[in-house]
Amino acid sequence: MAKRRKLVAPSSADLSKLEEEFRRETSVPEPAASQVRGVAPIAKIAAEAAAVSQPASTADRARQAQLEASEAKLQEAETDGRLLVDIPVGEIDADAMVRDRAALDADDMLELRLSISANGLRLPIEVYELPASDRADAPRYGLLSGYRRLMAVRELLGLTEEAQFKSIRAIIRPPAETDAAFVAMVEENEVRSELSHFERGRIAVISAQQGAFLNVEDAVNKLFATGSKAKRSKVRSFALIFEELGDMLEFPDALSEKRGLKLAQALRQGGETRIRNGLAAASSATADEEWAVIEGVISTLDAPERDPKRGGRPRSTTPVSGWRDAETLVTSNGITIRRQADADGYSLRFEGRQLDGEMMENLLEEIRVFLERP
């Protein structure tokens, strides 16, 4: 039979030794100062999760929601191009787009400079960000609107060298289609200071040449979409003048509506070469002198050239224009106007190969203006 072993209680020294070995074998990383020594890892994870899930106070939640809403609105305003920023004037390319305003009036620019110098810039310019360039000195922005304001601030910087004129207040618009940019520019100038007839025709031709529109007709219809049909017809006439004579005219902006329409009609009749030759041979110091040259050429367009080899007395011809009778008027370009009266009023009939829809629209507009005079 096996002999049983007698159990002996451990001494105090044995117990101390066992406790020390147990602690050494089950040691854990030193916990944070705020945690109790010896807490199990699962307990730590539970404590951290509880701390994160603790609900914030009502005031803290409201403040956080307000900050997030403000950040969203700011981002939206930046995306939509509604933020005002100060941009160095040297970072703006004023000629990124061809301007509709052909010339700047010196007196107007002086008045604008004085106003900006005294009161600051009241209305910001509009720019758009240009594609990245390899050149370090390349402008970062292209000018959409505010050409006169930008030029005035640059001139003030050159005159005074003051720091306040080194930058200009601007709105950075999001990238837009080229046609929309041209439309925005024209609309701004039409509202601020009405463009001349020639400037309207000029920008229609240039914007079409740059590919913003399909052709001049498309450019006129979209650039001046809010204008009347008669107004767009006039713009097309002055666009023709710019296309055919833009490089020859010294005083194009001085062309009145009446003179411009007359000149456009002469160009449609094939008078371009003779008008260009007449302008090239003359030297005009004023707008009236230049028009006198043009009008002199126009007056000869309908007259057939006489063969100098043929002798004999010239045949008598019917007067170029005048009343044939009390009811019939013939114009110098061969158009016949007949007046008729009945119980309801008067009617006019126009006859002649030179007539077309555009001419009739212009004529009706002239009649309307005449009848509406006070």
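The values are calculated or read from the model by the stated rules, or taken from the named source; none is laboratory data. Please read all numbers here as calculations on a predicted model, not as lab measurements. Backbone-built Cβ (ideal geometry, glycine too); neighbour counts: all protein chains shown. What goes into the accessible areas is simple: the full protein's heavy atoms, side chains included, and nothing from ligands, DNA or RNA. Shrake-Rupley method; radii C 1.70, N 1.55, O 1.52, S 1.80 Å.
Of these, 102, 204, which one is at pLDDT 85 or above, surrounded by 13 or more Cβ atoms within 10 Å (Cβ to Cβ) and of a type in the set (Gly, Ala, Ser)?
Details: 102 fails: at pLDDT 85 or above.
Matching residue, one of 102, 204: 204.
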Problem set entry | Extreme residue, modelled with the highest pLDDT, among residues of the range 234-261 that are under 8 Å from residue 198 (Cα atoms) and not aliphatic (A, V, I, L, M) | 238
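Pull up the range 207-231, narrow it to residues that are buried (at least 20 other Cβ atoms within 10 Å of the Cβ) and in contact with a Phe, Trp or Tyr (Cβ under 7 Å, 6 or more places away or on another chain), then point me to the one that is modelled with the highest pLDDT.
Top of the filtered list is 219.
Every residue, every condition in (1) surrounded by 18 or more Cβ atoms within 10 Å (Cβ to Cβ); (2) modelled with pLDDT of 90 or more; (3) in contact with a Lys or Arg (Cβ under 7 Å, 6 or more places away or on another chain), yes or no:
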| position | (1), (2), (3) |
| --- | --- |
| 83 | no, no, no |
| 93 | no, no, no |
| 107 | no, no, no |
| 114 | no, yes, no |
| 119 | no, no, no |
| 128 | yes, no, yes |
| 138 | no, no, no |
| 144 | yes, no, yes |
Exercise. Only one of these conditions is not met by residue 328: (1) of a type in the set (Ser, Thr, Tyr); (2) under 47 Å from the mean Cα position of the chain (by Cα); (3) within 25 Å of residue 300 (Cα to Cα). Which number is it?
Worked result: (2)
Exercise. What are the residue pairs meeting all of these: first residue in the range 267-286, first residue under 17 Å from residue 239 (Cβ atoms), second residue small (Gly, Ala, Ser) and buried (at least 16 other Cβ atoms within 10 Å of the Cβ), Cβ atoms under 7 Å, and 6 or more apart or on different chains?
Worked result: 275/266
For this session: Please work out if residue 237 is in contact (Cβ under 8 Å) with a residue 24 or more places away in the chain, touching a Phe, Trp or Tyr at 6+ places or on another chain (Cβ under 6 Å) and among the polar types (S, T, N, Q).
Result: no
For this session: Starting from the range 153-171, take each residue that is within 15 Å of residue 124 (Cα to Cα) and open to solvent by 100 Å² or more (accessible area, probe 1.4 Å) and list its partners that are among the small types (Gly, Ala, Ser) and assigned to a loop (DSSP other than H, G, I, E, B), counting only C-beta distances under 9 angstrom and pairs at least six apart or across chains.
Result: 164/120; 169/120
For this session: For the range 322-367, name all the residues that are open to solvent by 60 Å² or more (accessible area, probe 1.4 Å) and in contact (Cβ under 8 Å) with a residue 60 or more places away in the chain.
Result: 364
For this session: Count, please, the residues in the range 330-374 that happen to be under 21 Å from residue 236 (Cα atoms), charged (D, E, K, R) and not in a loop (DSSP other than H, G, I, E, B).
Result: 5
